[in-house]
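Below you'll find the structure, written out as structure tokens, and then a few comments.
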Amino acid sequence: MLELLFTNVVPTIAVLIEILGLVILLIAVVRSFFKIIFDEKLNFILSGKDLLLDNGILISMEFFLAAEIIKTLVAKNANDLFHVGILVFIRIVITVIVHWEIRQKGAVDHLDDKLD
């Protein structure tokens with residue numbers, strides 16, 4: 001009884017967390033799009049320094065990663081666990097790359113402030 005409840009509830013929770021991550025990502029994309037169009041007047045040099053989209057991607061990837069970790073709770077066999085492990089690895093790599101990019105943009109902004 002408890003196992004049946006667990007195997008039905010955990011995937012639903014994981015899907016809800018993935019939906020939250022998708023909503024965060026969509027909001028970041030829409031906000032960044034409107035900022036590029038209306039605030040920066042399609043000046044893509046200024047938009048390259050904007051961290052709004054990068055931070056949205058980073059936060060949404062953390063939600064996706066949490067959902068994948070939760071999915072490991074109900075993996076039925078080693079093959080399912082292997083697939084979830086690969087997805088977790090890929091999402092960790094993407095998160096690290098986005099985090100590195102954010103730090104690089106911050107370093108460039110810091111150098112630009114010193115040059116001004």
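Each value in this text was obtained by applying a stated rule to the coordinates, not by laboratory testing. For clarity, every value in this text was computed on a predicted model and none was experimentally measured. Note that we place each Cβ from the backbone using ideal geometry, even for glycine, and neighbour counts take in every protein chain shown.
Data table
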quantity: Any hit, the stretch 37-47, residues being outside any helix (DSSP H, G or I), surrounded by 15 or more Cβ atoms within 10 Å (Cβ to Cβ) and out of contact with any Leu (no Cβ under 8 Å at 6 or more places or on another chain); calculated: no
quantity: Residues of the stretch 50-76 satisfying the condition of being buried (at least 16 other Cβ atoms within 10 Å of the Cβ) and outside any helix (DSSP H, G or I); calculated: Asp50
